[in-house]
Amino acid sequence: MKSLPKFLFFALSLIFAILPGNGTCPPARFSGNCTCPPAQSDRSPFSSAGSSSSAAVADSSTAWKGYREPLSDGVKNTLRNALCMYDIFWTPAEDISAWGTTKKTYMQFMKGRTYRGIPYGQPVHQGKYVGTVTTLDEFIEAVSDPQSPLYTDRGENTWNYTDHGGPIQYSPYYSNDCSGFVSAALGIKRHTTRDIGADKELFPVVGNTLADARPGDLLNSTKSGHVIMVYDVVYDKKGGKVQSVVTIEQTPSIIVIRSFGKDGINGSLADLQKKIMNGGYSVVRYKYIDDVLPIEGAEALLPETVNSVSSPSSLFAAGTAAKGNAYIDPDNNTLLLEGWALSLTPLRGFEYTVNGGAPHSLPSLYYSELTAPALGFDYFAGIGGVNAYSATINLQADPGTGTISDGADRGTGTISVAVWAVTEKGEKYMSAEMEIVRREGEKRFISNIESMGMDLGEDNVFRRTIEASALRPGTVTLNGWCAGENQTRFEIRVDDGLWYPVPNTFRDDVYAYTAGNYPNCRDCNGFYCGVDLDALGKDTDHTVTLRAVTTDGDNYVVAVVEYPARTNWRLIIGLGIAATAAAAIIVCAVLISVKVKKKIRKVKSAAAEKAEISNSAR
């Protein structure tokens with residue numbers, strides 16, 4: 001009988017080994033290692049509570065960090081060449097019609113608005129490909145010259161017209177298509193998708209899955225007539241599984257960066273793999289990629305500073321202060337001031353002024369996501385210093401003097417707020433400048449979240465809470481359109497994280513429907529973005545927010561979707577198996593115990609009977 005308690009103790013130990021207890025570590029959001037961080041580690045990097053300049057250089061990010069393979073100089077040059085074409089900021093002097101089948105399309109690059117990246121086009125028979133036929137410098141010079149062909153002429157592709165009698169494809173005179181873009185990044189003459197697919201020696205196929213892809217590789221499809229460059233690949237560990245992929249591509253109407261998997265805003269890795277398989281894409285690798293040289297003079301075109309205010313305004317500017325407007329309630333005297341600045345000269349902090357008053361310091365942070373490939377500012381990585389700020393400031397009482405500083409002009413109720421970046425050398429430059437207006441903002445728009453089955457609604461924020469029973473593994477997509485006056489881009493964020501720009505799209509059908517009320521919404525009215533639910537922490541609620549940004553620096557929320565903490569079905573199954581195993585062990589233990597007891601009784605009875613016979617014989 002002494003062996004029985006040991007057996008039961010073993011059984012119970014096995015049960016507790018199977019069941020998760022309080023000491024186990026839940027999946028950490030955006031964390032590469034399974035550790036149990038303090039609760040505040042999942043805070044927004046822009047949260048001002050508890051932040052101070054003394055902890056400025058500490059990484060306040062919530063981003064997951066994985067492993068990247070080392071790259072050759074040629075691959076680095078290829079990626080930098082692509083980035084130089086993406087990080088060109090230009091402001092047209094006149095309206096420019098985008099790529100289309102008529103000389104003047106609905107979609108326009110609007111006069112006075114700032115755009116990022118070379119515009120899309122196919123200037124095969126008239127016009128110039130940027131990077132292969134002409135230089136980036138010539139494009140920049142053309143932008144600043146109202147008499148240049150960029151404004152007086154159009155690029156043309158007449159193949160469809162001459163071969164099939166179809167319409168001529170028009171485009172900006174200086175532009176790029178997908179194959180021209182990757183060819184320029186590789187430093188070679190323009191190779192079409194057919195050329196890339198046919199020349200197996202120069203562009204050998206290395207596979208057709210994301211596991212085969214490396215930075216600098218091309219996803220090429222002669223079936224779809226499109227080619228995409230792989231910009232970044234992150235693994236869980238050296239030699240491990242792919243966790244995230246970033247791509248860069250020239251597509252109508254401008255160059256875009258898309259991110260998939262962990263921290264991605266365009267979907268899951270499965271979504272990208274599905275596109276590869278369904279679109280007939282192959283992973284190809286340029287034979288001489290390790291020998292690629294930088295595009296001459298391109299690095300000089302990269303801005304030395306990029307500045308943004310994410311709250312209350314939402315514009316960013318290259319080389320100059322981000323400017324914008326925002327509206328607050330007439331009785332509100334406080335303002336949440338959040339933003340960031342990237343500089344090739346390390347920054348040590350930020351200051352702000354109200355109506356030109358005395359400068360006051362802002363809590364400063366370091367946010368590594370700002371220099372991640374997904375945003376296209378990774379050439380600022382490794383600079384050091386700080387790059388973000390957050391504080392709730394008082395618009396009425398000057399913190400230093402206690403005097404009223406909220407507006408000599410009570411008629412307009414306008415308050416000027418400026419943010420200054422301070423370099424480690426003590427030099428300052430204006431990072432942001434805003435006009436805060438004391439009145440309700442007139443934010444009129446009309447939208448339709450098609451992927452959520454929403455009916456048309458005007459001036460209504462789409463809000464939905466997904467029931468836990470309706471959640472499924474995979475990607476949640478926000479696909480639809482929104483039209484508002486002077487709308488210029490969309491942004492998305494998860495919980496209180498960084499606002500990520502959604503690649504701009506334009507839909508002629510939407511413009512035709514909404515032009516009567518929003519005639520100036522001519523460069524951005526569609527969106528398609530996605531969040532991989534499986535890459536988020538399952539043990540907490542999550543909120544995905546989509547907002548639109550206007551040219552004057554204001555913004556309005558278009559959609560808010562809330563996802564409850566998701567049940568881990570594998571854990572439930574595991575608990576079920578564990579419970580079944582535990583029950584089986586207990587039953588076995590009971591049966592064995594009964595058998596042992598019966599056997600002991602038999603042995604005792606036999607011994608007693610034998611002893612009785614022996615005593616009788618005596």
*Using heavy-atom solvent-accessible surface (probe 1.4 Å) with all chains present, what is the largest-first order of Arg194, Arg547, Arg493?*
Arg194, Arg493, Arg547
_Residue-count net charge about Pro346 - beta-carbon cut-off 12 Å; Lys, Arg +1, Asp, Glu -1_ = 0
*What does the accessible area per residue of region 62-164 come to in Å², with a 1.4 Å probe and no ligands, DNA or RNA counted?*
45 Å²
*Check each of the GluC sites (Glu not before Pro) in region 296-378 and keep only those in coil by DSSP with at most 14 other C-beta atoms within 10 angstrom; list them in order.*
Glu296, Glu304
*Interchain or long-range residues, amide H under 5 Å from Ser431's placed H*: Val419, Trp420, Ala421
*Residue-wise, which Karplus ³J(HN,Hα) couplings in Hz belong to region 356-372, taking 6.51 cos²θ - 1.76 cosθ + 1.60, θ = phi - 60°, and x for glycine or proline?*
x, x, 5, x, 9, 6, 10, x, 10, 9, 10, 10, 5, 4, 5, 10, 7
*region 205-306: which chymotrypsin sites (Phe, Trp or Tyr not before Pro) are DSSP loop and have at most 13 other beta-carbon atoms within 10 angstrom?*
Tyr288
*Place the peptides 135-147, 383-395 in order of packing, highest mean first, counting for every residue the other Cβ atoms within 10 Å and averaging per peptide.*
383-395, 135-147
*Probe 1.4 Å, all protein chains in place: accessible area of Val205 in Å², nearest 10?*
80 Å²
*Can you give the FRET efficiency for Asp59 and Arg194, using 1/(1 + (r/R0)^6), R0 = 41 Å, r = Cβ-Cβ distance, to the nearest 0.05?*
0.35
*For region 232-337, what relative contact order do you get, as a whole percent, if you take Cα pairs closer than 8 Å and at least 6 residues apart?*
11 percent
*Output the pairs from Lys111/Lys189; Lys65/Lys287; Lys237/Lys262; Lys76/Lys287; Lys323/Lys428; Lys104/Lys275 with a Cα-Cα distance over 21 Å in this structure; if there are none, say none.*
Lys111/Lys189; Lys65/Lys287; Lys104/Lys275
*In square angstrom, what is the accessible area per residue of region 505-545 with a 1.4 angstrom probe?*
39 Å²
*With a 1.4 Å probe and every protein chain left in place, tell me how much accessible area Met107 has, in Å² to the nearest 10.*
10 Å²
*Keeping every protein chain in place, order Leu83, Leu293 by accessible area at 1.4 Å, biggest value first, i.e. largest first.*
Leu293, Leu83
*Per-residue HN-Hα couplings for region 509-524, Karplus 6.51 cos²θ - 1.76 cosθ + 1.60 at θ = phi - 60°, whole Hz, x for Gly and Pro?*
5, 5, 5, 4, 7, 10, 4, x, 9, 10, x, 8, 8, 10, 10, 6
_Please list 3J(HN,Hα) in residue order for region 119-127, calculated via the Karplus relation 6.51 cos²θ - 1.76 cosθ + 1.60 where θ = phi - 60°; whole Hz, with x for glycine and proline._
x, 7, x, 10, x, 5, 9, 8, x
_At 1.4 Å probe size, with the rest of the protein present, what percent of the exposed accessible area of region 211-261 is carbon and sulfur atoms?_
45 percent
*Sorted by packing (mean other beta-carbon atoms within 10 Å per residue), highest first, where do 196-203, 535-542, 314-321, 431-438 land?*
431-438, 314-321, 535-542, 196-203
*Where Lys and Arg each count +1 and Asp and Glu each count -1, what net charge lies around Pro149 among other residues with Cβ under 13 Å from its Cβ?*
-4
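The values are calculated or read from the model by the stated rules, or taken from the named source; none is laboratory data. Predicted model, so just to flag it, every value in this text is computed and none were measured. Cβ atoms come from the backbone with ideal geometry, glycine included; neighbour counts cover every protein chain shown. Ligands, DNA and RNA are stripped out before the accessible areas are found, and what is left, the full protein with its side chains, is counted by its heavy atoms. Shrake-Rupley method; radii C 1.70, N 1.55, O 1.52, S 1.80 Å.
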